[in-house]
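The values are calculated or read from the model by the stated rules, or taken from the named source; none is laboratory data. Model, not experiment: these values are computed from the prediction. All Cβ positions, glycine included, derive from the backbone under ideal geometry; neighbour counts span all protein chains shown.
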């Protein structure tokens with residue numbers, strides 16, 4: 001299952017949750033707007049413009065706004081562009097936007113926009129905190145395969161909102177951190193157990209089971225690699241060390257390139273990271289569709305070269321700077 005499929009699995013499950021409490025629905029709606037929308041000047045003073053990758057998430061926000069604030073928003077489809085290959089789904093709310101931001105407390109009593117998260121959510125009950133995290137993940141969240149450098153991630157509109165989401169994670173006994181990549185703030189969870197806990201707290205129980213199963217497979221592979229390290233055969237040890245070094249460089253390359261990594265190179269890179277001890281020929285057989293070992297090697301070389309050039313442009317350590325032993 002690919003990264004996008006894991007994300008889709010979690011989001012589909014979260015979209016099926018029907019929170020009965022009005023304050024929980026309000027917390028989710030506030031997070032959907034805070035992490036997925038902008039407040040813009042409108043014909044009546046203010047407009048809410050949200051955009052999402054999934055139509056179902058846009059429909060979720062429209063439904064919540066109708067339920068919590070008794071206002072009707074509309075959905076439009078933004079077609080693919082040269083920079084955005086997939087369509088986006090925009091939720092537009094003009095008339096009634098002022099009442100919405102006041103009811104959801106996305107503005108202060110003085111009328112200034114809240115830069116983090118509404119204070120009543122930060123100090124609210126646990127169900128509200130879970131609802132807020134659910135909204136943030138639906139708006140801008142992703143879930144990657146175990147073994148990648150980042151497992152669960154939410155893109156934040158600003159540092160204050162990211163820090164607020166970290167604080168809400170702490171309320172759920174989960175440790176999260178912020179990181180900034182090329183001017184974009186993100187909230188990240190790396191610990192596998194913490195990711196499982198958060199998935200359950202948000203309500204994605206099936207996704208949590210899938211995540212735990214994949215972690216178990218990964219752990220079994222790690223134990224196998226540890227046993228290989230005890231073998232006396234020098235060629236086996238050298239092959240394992242070379243594979244580990246290649247996987248570490250690929251992980252660094254994926255971190256450097258972020259969302260800019262070409263899809264066909266990312267597929268080869270993910271295979272290398274997830275199957276650290278496999279030969280290039282074995283990686284080719286695992287690919288879908290299958291590739292020759294030369295094709296796999298070529299894609300990995302291009303991925304590393306692209307990342308090294310980007311690192312030089314950014315003035316950051318390239319893929320040769322990784323700690324292979326970690």
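Of the conditions (1) in contact (Cβ under 8 Å) with a residue 12 or more places away in the chain; (2) in contact with a helix residue (DSSP H, G or I) (Cβ under 6 Å, 6 or more places away or on another chain), residue 101 satisfies every one except a single condition; which number is it?
(2)
Which condition number in (1) over 8 Å from the mean Cα position of the chain (by Cα); (2) under 27 Å from residue 319 (Cα atoms); (3) free of Cβ contacts under 8 Å to residues at least 40 places away in the same chain is the one that residue 166 fails?
(2)
Of 56, 28, which residue is touching a residue at least 60 places away in the same chain (Cβ under 8 Å) and either surrounded by fewer than 18 Cβ atoms within 10 Å (Cβ to Cβ) or under 23 Å from residue 111 (Cα atoms) (or both)?
Every option except 28 fails the conditions.
What's the total number of residues in region 142-184 that are part of a strand (DSSP E or B) and surrounded by 18 or more Cβ atoms within 10 Å (Cβ to Cβ)?
7
Return yes or no: is residue 6 in contact (Cβ under 8 Å) with a residue 60 or more places away in the chain, farther than 24 Å from residue 161 by Cα and buried (at least 21 other Cβ atoms within 10 Å of the Cβ)?
Criteria met by residue 6.
Residue check, residue 97 against (1) modelled with pLDDT under 95; (2) closer than 27 Å to residue 13 by Cα; (3) surrounded by 18 or more Cβ atoms within 10 Å (Cβ to Cβ), all met but one. Which one?
The one condition residue 97 does not meet is (2).
Considering each residue of region 85-94, count those that are surrounded by fewer than 19 Cβ atoms within 10 Å (Cβ to Cβ) and under 12 Å from residue 39 (Cβ atoms), and give that number.
Total satisfying the criteria: 1.
Out of everything in region 285-311 that is more than 13 Å from residue 264 (Cα to Cα) and more than 26 Å from the chain's Cα centre (by Cα), what residue ends up being surrounded by the fewest Cβ atoms within 10 Å (Cβ to Cβ)?
294
Looking for something free of Cβ contacts under 8 Å to residues at least 24 places away in the same chain and assigned to a helix (DSSP H, G or I) - is there at least one such residue anywhere in region 105-128?
yes
Can you tell which of 50, 136, 58 is in contact with a helix residue (DSSP H, G or I) (Cβ under 7 Å, 6 or more places away or on another chain), part of a helix (DSSP H, G or I) and not assigned by TED's automatic domain parsing to the domain that holds residue 259?
136
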